[in-house]
Amino acid sequence: MHKNIKIFLWLCVVSLGVAAICAIALNRGESISALWFIAAAACVYAIAYRFYAAWIAATVLTIDETRATPAERLENGRDFIPTNKWVVFGHHFAAIAGPGPLVGPTLAAQFGYLPGTLWILIGAVLGGAVQDMVTLFFSTRRNARSLGQMARDEIGPIGGAAALIGTFLIMIILIAVLGLVVVNAMKHSPWATSTVAATIPIAMLVGFYMRNFRPGRVLEASTIGVILLLLAVVGGGWIDHNESLRGLFDHEGLTLAWVIIAYGFAAAVMPVWLLLAPRDYLSTFVKLGTVTLLAVAIIILQPHIHMPAITQFTDGTGPIFGGKLFPFVFITIACGAISGFHALIASGTTPKLLANERDIRMIGYGAMLLESFVAIMAMIAATVLEPGIFFAINSPAGVVGKDAIDAIAKINSWGFAVTVDQMNQLAKDMGESSLFARTGGAPSLAVGMASIFGNAFGKSMLALWYHFAIMFEAIFILTTLDAGTRVGRFMLQDMLGNIWPKIGLTSWMPSVIFTSGLVVAGWGYFLYIGVIDPNGGVNILWPLFGIANQMLAAIALCVGTGILIKSGKFKYAWITGLPLAWLVIVTTSAAWQKIFSEDIRVGFLAAANDLTTKLMAGTLPSEKAAVAPHLIFNQQLDAYLTMFFVLVLWIVIFDTARVTLRYLVGKPLLPLTEVAHEPSRLVEDWVRD
Amino acid sequence: MLKRIKHLWHILRRLTGDDAYDVYLKHHMEFHESSLDAPAALSRKEFFKLWQDSKWKGIKRCC
C-alpha cells in the first residue's frame, strides 16, 4: 500500500479512537451507546499493537526470526511441537481467559462505567500485554522455563521462593472466590443448580468417549458434549417447573459450599481424563462461542449504557465492596487489565509450542488485548442494566437489608430508581425466585447478557438465556477450580517432597489424598467463611484475590525488568519498570488500607475489632453472634495474609533493586541463562500450514 | 473456497488436538523410522493416554 494512504488510515484510526474515548468520558446524559466502547477499545488496541508492541518486539526485545525456538530445538512430538501461530494463539487465549475478566469489571461498575473502562484499556496496553509478551519472550529464550525458575536463575533464590509461594497462595484465594461466585449463582435456584450439576456427568461421558470409546476423537466428543450441555440448560427449566424434582436442587448457600468442596476434592484425586480434561474442552468451546456471540450481539444491537459515567461511590461508600476509587478499582479489575497469573501460562506452557520468535507479539501481546476486550464486554453487560437493578442484584443483604422493601428504599435513597415490582418481574422473566442480593457478579452479568441476547435473538427466551449464561460462567469456573486444585496439589507435593521425598511422588495415592485434602481445606476454609459472611464474602475475598494477583504481576514484571537490565537494556527497562512502579503503588496502598483503615468496611482489623466490641456488648442479633467468632478470626487472618503478600512483594522488589544496583556499579551478577543462538532450520512457512 | 474450508478444518483439528495422533505419527516416521532399533509407534489409544496426561501436568488454566 502507498505510504501516504497508510498514514492517512492510521490518522483515521487515531481520530476515531480519540472521538470514542471523548464520547465515553464526557458523556453526562441519560445513556450512551455501547458502540462507543467497542470503537474506543478497537482503536486503542490497534494503535498499541501496531506501534507500541511492534516497537518493543523490534527494538527492546530484538526478536530474531532466524533463531530456533525451544519447540524446534527440543521437538519431541508431544509437548514441544512447533505449531501454527493461530493454533498457539487459540491455546494461549483459552488458557489465560478465565472468569476473572467477567467478574472484576462487574464489581468495579459500582464506581460507574468510566474508571473501570479506562483502566481496562490503559492497563492492558501498557501493563498486562507487555508483561505477557516480555515473559513469553524471556521464557522462549530459556527453554520454556517457568516464571519461578526464571526468578531463581536470574534474580536469586529469594525471588524464586517468593514467586513459588505467591503462586500457591494466589491459587488458594482464587479458587475460594470463584467457588463463592458459583455458590451465589446457584443459591436457591433449582434451574441453575441442576444445570451446573448436569455438567459433571456430561463431562465424564465425554471423557469416557474420547478415552475409550473413540480414542483421541476430540472434536466428535466435544460436539456431543456441547449439545448435551445446551439440553441441560433446557432440562433445568423443566426441573424448575416440576414440583417434586425442584426440591432436590433447591439449597442454601452453605450446603452448596460443602458440595463444591467435596466435588473439588474428588476432581483433584480422580484421573484427569475422566473429568478435568473433558470439562476443559467443553468449557473452552462454550467460552469461545459465547464470547463471540456476545460480541456479535453487542455490535448488532448497540445496547445503551444506563449506568452513569461516575457514581458517588468513588468516595469509598459503595455497597458491593468498600474502598475508594484509588486504589480499589485497580485491584478489583485485575484480569482484563493486568494479571500476574498470565505470566505462569506465558512461561512454561506456551513457549513449548512457539514455532518462531516473530509470533511472540501476536500471541503474547495480542491474546491479552483480546482478553481485555472480553473485560470491556463484561463492563458493557453490567452497565446496560438500569443502575437501580444493578445495585439491587449486587448489594449484599448485610448492606441494604434482607427485606425487599428495605433494600429498595435504601437503593432509592442513593438516587437510583427501582421498584419491588420491577425486581419481581425481572426475577420472573429470568426464571428465578428472587434476584435481590445475588452477589458475586455472576447473576448480574447473566441478567445483562440475557437482556442483550434476548433483544438480539428474541425476548421470549429470557429465562433460557439467563441460565445459559449462568452455565457458561459456572462451567469454566469449575474448570479453574479443578485445574487449580490439581496444580496446587502438584506444587505442594513438590514443596513437601523436599522434606520427605516420598510425598513428592505424584502417583503415590496416600500423598495424593493428603496433599489434595490440604489444598481443598485451604480454599474450602475461605469459601466457608465467605458463605456464612452476612456481607456476602465477595467484598472480602475479591480484594484479597486482586492484591494477590497484582502481587504476582509485580513479581513477573520484576523478573522482566531484571533481565532487561542484565541484558544491557537499562534505557528500555521502563517498559516493564513503569507498570511495575504503578502496581507497587496500587498494591501497597490497597494492602495498607485493607489492613489498617479505620473504616470497618475496608480495614480487616477495624472490622474484627468492631465485631469483637459488638459481641462483647451483646448488641449482635443471635444469628450473627453465632458466626461472629469465625468472622473475627477470619478478618484477622486476612489482615496477616495481606501483610504477607506485601512482604513477599517488597522482598522481590529489593532483590531486583539489588541486582540492578550491582549491574550499575559493575559488580558480578548471576549470569544470564539465555540459551545460545542456534539458527532455525524451519524454512519459511512450511510449519505454518 | 473448498481449499479455504479445508484449511480452516485443519486449523480447528490442530487447535483442539483432534489430529495430535497424526502429528505424532508423522514425527515418528520422520525421526525414528530410519534407525534400526526404533521402538514401534504407539497405538492411537496408548498415545492419547500419554498425550492427555502430559498435557495436564503444568498450569493450564488461569483466572
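The values are calculated or read from the model by the stated rules, or taken from the named source; none is laboratory data. Predicted model only: the values in this text are computed from it and were never measured. Note that we place each Cβ from the backbone using ideal geometry, even for glycine, and neighbour counts take in every protein chain shown. Heads up: the accessible areas ignore ligands, DNA and RNA and are worked out on the full protein's heavy atoms, side chains in. Shrake-Rupley method; radii C 1.70, N 1.55, O 1.52, S 1.80 Å.
Rounded to the nearest whole Å², what accessible area per residue is found for the protein assembly as shown with the 1.4 Å probe?
39
Roughly how much accessible area, to the nearest 100 Å², goes out of reach of solvent when B and A pair up, both sides summed, probe 1.4 Å?
Answer for the B-A pair: about 3700 Å² buried.
Relative to the longest principal axis of chain A, what angle (0 to 90°, nearest 10) does the C-alpha long axis of helix A:442-457 take?
Tilt relative to chain A: about 90 degrees.
What is the set of long-range amide H partners of A:Phe416 at a cut-off below 5 Å, with H atoms built 1.01 Å from backbone N?
Counting only residues 5 or more places away or on other chains, the set is empty.
If I model a spin label as a point 7 Å beyond the Cα along the Cα-Cβ vector, how far apart are those points for A:Thr62 and A:Phe326 in nm?
The two pseudo-label positions are separated by 3.8 nm.
Each label point is 7 Å from the Cα along the Cα-to-Cβ direction; what then is the distance between the points at A:Val269 and A:Trp10, in nm?
Simple spin-label model gives 5.9 nm for this pair.
Per-residue mean of other chain beta-carbon atoms within 10 angstrom of the beta-carbon, peptide A:67-76?
Partner-chain Cβ atoms within 10 Å, mean over residues of A:67-76: 1.
So what's the angle, to the nearest 10 degrees on a 0 to 90 scale, between helix A:85-96 and the longest Cα principal axis of chain A?
Long axis of A:85-96 versus the principal axis of chain A: about 40 degrees.
Using the beta-carbon distance between A:Asp599 and A:Val665 and R0 = 45 Å, what value does 1/(1 + (r/R0)^6) give for FRET efficiency, to the nearest 0.05?
The computed FRET efficiency comes out at 0.50.
Would you mind checking B:Lys6/B:Lys55; A:Lys352/B:Lys55; A:Lys287/B:Lys60; A:Lys502/B:Lys60; A:Lys324/A:Lys594 for any pair whose Cα atoms are more than 19 angstrom apart?
B:Lys6/B:Lys55; A:Lys502/B:Lys60
Put +1 on the Cβ of every Lys and Arg and -1 on every Asp and Glu Cβ in the protein assembly as shown; which of A:Ile393, A:Ile405, A:Leu126 then has its Cα farthest towards the positive end of the dipole?
A:Leu126
Over chain A, what percent of the accessible surface lies on carbon and sulfur atoms, probe 1.4 Å?
C and S atoms contribute 68 percent here.
How much FRET efficiency would the formula 1/(1 + (r/R0)^6) give for A:Ser413 and A:Leu637, where r is the Cβ-Cβ distance and R0 is 41 Å, rounded to 0.05?
0.75
So if I place +1 on the C-beta of Lys and Arg and -1 on the C-beta of Asp and Glu, and nothing else carries charge, what would the dipole magnitude of the protein assembly as shown be about its Cα centre? I want it in debye, nearest 20.
For this selection, approximately 1400 debye.
May I ask for the net charge around A:Pro443, where only other residues with Cβ less than 10 Å from the Cβ of A:Pro443 are counted and Lys, Arg are +1 while Asp, Glu are -1?
0
Please identify every one of the trypsin sites (Lys or Arg not before Pro) in the range A:1-50 that sits in a loop by DSSP and has no more than 13 other beta carbons within 10 Å of its own beta carbon.
Those satisfying the criteria are A:Arg28.
Between A:Leu230 and A:Lys571, what is the spin-label point distance in nm, taking each point 7 Å from the Cα along the Cα→C-beta axis?
5.8
What are the residues whose amide H is under 5 Å from the amide H of A:Ile32, where those residues sit 5 or more places off or on another chain and H is modelled from the backbone?
Under 5 Å from the amide H of A:Ile32 lie the amide H atoms of A:Ile305, each far enough along the sequence or on another chain.
Any chance you could run the full-extension gain for A:Glu30 through A:Glu252? It's 0.36 nm times the residue separation minus the Cα-Cα distance, nm to one decimal.
76.0 nm
Rounded, prolate or oblate: pick one for the range A:511-583, where a ≥ b ≥ c are the square roots of the eigenvalues of its C-alpha gyration tensor, a/c under 1.5 means rounded, and failing that, prolate if a/b is larger than b/c, else oblate.
Cα axes put the range A:511-583 in the oblate bin.
Compute accessible area for the range A:82-107 by itself and then with all protein chains, 1.4 Å probe, and report residues whose area falls by 30 Å² or more.
Hits at the 30 Å² cut-off: A:Val87, A:His91, A:Ala95.
Rounded, prolate or oblate, given the Cα gyration tensor of the protein assembly as shown, with a/c below 1.5 counting as rounded?
Taking the square roots of the gyration eigenvalues as a ≥ b ≥ c, the protein assembly as shown is rounded.
For A:Gln422 and A:Ala626, what is the calculated FRET efficiency with R₀ set at 41 Å and r taken between the beta-carbons, to the nearest 0.05?
0.75
By its C-alpha gyration tensor, with a ≥ b ≥ c as the square roots of the eigenvalues, how is chain B shaped: rounded for a/c under 1.5, else prolate for a/b larger than b/c, else oblate?
Oblate, since a/c reaches 1.5 and b/c is not below a/b.
For chain A, what does -39500 (n - 2.57) per DSSP helix run (n ≥ 4), summed and divided by total residues, give at 222 nm, in deg cm²/dmol to the nearest 500?
Taken over chain A, the calculation gives -22000 deg cm²/dmol.
How much net charge surrounds A:Ser567 when only other residues with a Cβ under 14 Å from its Cβ are counted (Lys, Arg +1; Asp, Glu -1)?
That sum, taken over residues with Cβ under 14 Å, equals +1.
Any idea what angle helix A:604-617 forms with the longest principal axis of chain A, computed on alpha-carbon atoms, 0 to 90 degrees, nearest 10?
The angle comes out at about 30 degrees.
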